[in-house]
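Below is one structure; the comments refer to it alone.
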Amino acid sequence: MYHVKSKILFNREIAPGHFVISLDSPKIAQEADPGQFVHVRVENKEDPLLRRPFSIHNAEDEKIEILYRVVGRGTSLLSRKKPGEKIDLLGPLGQGFKTNPGVKRAILVAGGVGVAPLYFLARRLATTRILEISVLIGAKDEGKLLCERNFRNLGVKVEIATEDGSKGFKGLVSDLFSNSISTDPYMVSTFVYACGPFPMLRKIASLSKRRRIPCYVSLEQRMGCGIGACLGCAIRGTNGYLRLCKEGPVFDARKICWETIQ
């Protein structure tokens, strides 16, 4: 883990209310794994008091990127930051996605801003000998789809689900995932990786368990310290409580007590 002041290279709006910020941060970029996060102090003031956790969207050479949605005061302030300004980072933090050398097929399922850590993962997987990488992206409508072109540029298979049917499959991305695995009788050496809203992840985990497919999920939640001390981000697991910032944010879906998560 490093504590650094990173210079902003760009801070672009890529869809209404959604931004990608690029930061000059060589140490974090060199050590980051897909699924890990950085803890950002948006302002050098007491307001907002707490840091904000953001998945590492990409890490390459000496820079990292964060994809975020403006939802409150902290992210609103972040969206106004200009190139050349510096922000305070802690990272890389947490446990990332586990990639098994025996994987032959990977299915990545993203709901909304859940694409953030999965793009970095897809880039990493694309450099391996995996035979097939499929990315399923869900959004409320076509205007809220994120990173479709970025994934396609990696040469992976991309499928789209929109709740209103404005593009691709009409319905939830979890339903698209269900259709995808139900029509394939052979799921040997397949791994599932998912990030998005809790209800979506709960369904992906359930469907994967039913088909005996290993499934890893990245959970998103407000954090206090980001290093495992405050227990503010703890959830209930099958063998006790799990801290998103320390044991996660990526978990084996079988180790989470899904019925306790709202």
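Quick one: would you say T190 is free of Cβ contacts under 8 Å to residues at least 24 places away in the same chain, within 24 Å of K104 (Cβ to Cβ), of a type outside the set (D, E, K, R) and outside the structural domain of L67 (by TED's automatic domain parsing)? Give the derivation first.
Values: free of Cβ contacts under 8 Å to residues at least 24 places away in the same chain: no; within 24 Å of K104 (Cβ to Cβ): yes; of a type outside the set (D, E, K, R): yes; outside the structural domain of L67 (by TED's automatic domain parsing): yes.
Considered against the rule, which asks whether it is free of Cβ contacts under 8 Å to residues at least 24 places away in the same chain, within 24 Å of K104 (Cβ to Cβ), of a type outside the set (D, E, K, R) and outside the structural domain of L67 (by TED's automatic domain parsing), T190 comes out as no.
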Would you confirm whether any residue within the range 34-51 is of a type in the set (D, E) and at pLDDT 95 or above? no
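Which of the residues that make up the range 104-149 are β-branched (V, I, T) and not in a helix (DSSP H, G or I)?
Within the range 104-149, the subset β-branched (V, I, T) is 107, 109, 113, 115, 127-128, 130, 133, 135, 137.
Selection gives I107, V109, T127, T128, I130, I133, V135, I137.
Of everything in the range 81-93, what is over 22 Å from the mean Cα position of the chain (by Cα) and either crowded, with 16+ Cβ neighbours inside 10 Å or under 18 Å from L49 (Cα atoms) (or both)? Give them in sequence order.
Within the range 81-93, the subset over 22 Å from the mean Cα position of the chain (by Cα) is 81-86.
Within the range 81-93, K81, K86 meet the criteria.
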Of all residues making up the range 234-252, the number that are outside any strand (DSSP E or B) and surrounded by fewer than 18 Cβ atoms within 10 Å (Cβ to Cβ): 2
Residue selected from the range 21-76 under the condition more than 19 Å from the chain's Cα centre (by Cα) and of a type in the set (S, T, N, Q), by the criterion surrounded by the most Cβ atoms within 10 Å (Cβ to Cβ): S25
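Can you tell me which residue among L136, L125 is farther than 27 Å from A234 by Cα, hydrophobic (A, V, I, L, M, F, W, C) and touching a helix residue (DSSP H, G or I) at 6+ places or on another chain (Cβ under 9 Å)? Quick ask: steps written out before the conclusion?
Details: L125 fails: touching a helix residue (DSSP H, G or I) at 6+ places or on another chain (Cβ under 9 Å).
Just a single option satisfies the conditions, and that option is L136.
From the set of residues in the range 104-113 that are out of contact with any helix residue (DSSP H, G or I) (no Cβ under 8 Å at 6 or more places or on another chain) and under 25 Å from G171 (Cα atoms), which is modelled with the lowest pLDDT? Spell out the reasoning first.
Step one: filter the range 104-113 for residues out of contact with any helix residue (DSSP H, G or I) (no Cβ under 8 Å at 6 or more places or on another chain), giving 104-105, 113.
Narrowing further to those that are under 25 Å from G171 (Cα atoms): 105, 113.
Details: R105: 91, V113: 95.
Taking the candidates together, the pick is R105.
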Filtered residue count, the range 146-200, keeping only those that are of a type in the set (S, T, Y), surrounded by fewer than 18 Cβ atoms within 10 Å (Cβ to Cβ) and farther than 23 Å from T99 by Cβ: 3
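Name the residue, out of L201, L176, L207, L231, that is of a type in the set (A, V, I, L, M, F, W, C), assigned to a helix (DSSP H, G or I) and out of contact with any strand residue (DSSP E or B) (no Cβ under 6 Å at 6 or more places or on another chain). Working first, answer last.
Working: L201 fails: out of contact with any strand residue (DSSP E or B) (no Cβ under 6 Å at 6 or more places or on another chain); L176 fails: out of contact with any strand residue (DSSP E or B) (no Cβ under 6 Å at 6 or more places or on another chain); L231 fails: assigned to a helix (DSSP H, G or I).
Going through L201, L176, L207, L231 in turn, just one is of a type in the set (A, V, I, L, M, F, W, C), assigned to a helix (DSSP H, G or I) and out of contact with any strand residue (DSSP E or B) (no Cβ under 6 Å at 6 or more places or on another chain): L207.
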Take the conditions within 24 Å of P48 (Cβ to Cβ), in contact (Cβ under 8 Å) with a residue 24 or more places away in the chain, surrounded by fewer than 18 Cβ atoms within 10 Å (Cβ to Cβ) and small (G, A, S) and apply them to G224. Does it pass? yes
Being modelled with pLDDT under 95, part of a loop (DSSP other than H, G, I, E, B) and more than 15 Å from the chain's Cα centre (by Cα): is that true of P101 here? yes
Could you please tell me which pairs satisfy a Cβ distance under 9 Å, a separation of 6+ or placement on different chains, a first residue in the range 107-119 that is of a type in the set (D, E, K, R), and a second residue that is not in a strand (DSSP E or B)? none
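The values are calculated or read from the model by the stated rules, or taken from the named source; none is laboratory data. Keep in mind that this is a model prediction, so the values were computed, not measured. A quick note on method: Cβ atoms are made from the backbone with ideal geometry, for glycine too, and the neighbour counts reach across all protein chains shown.
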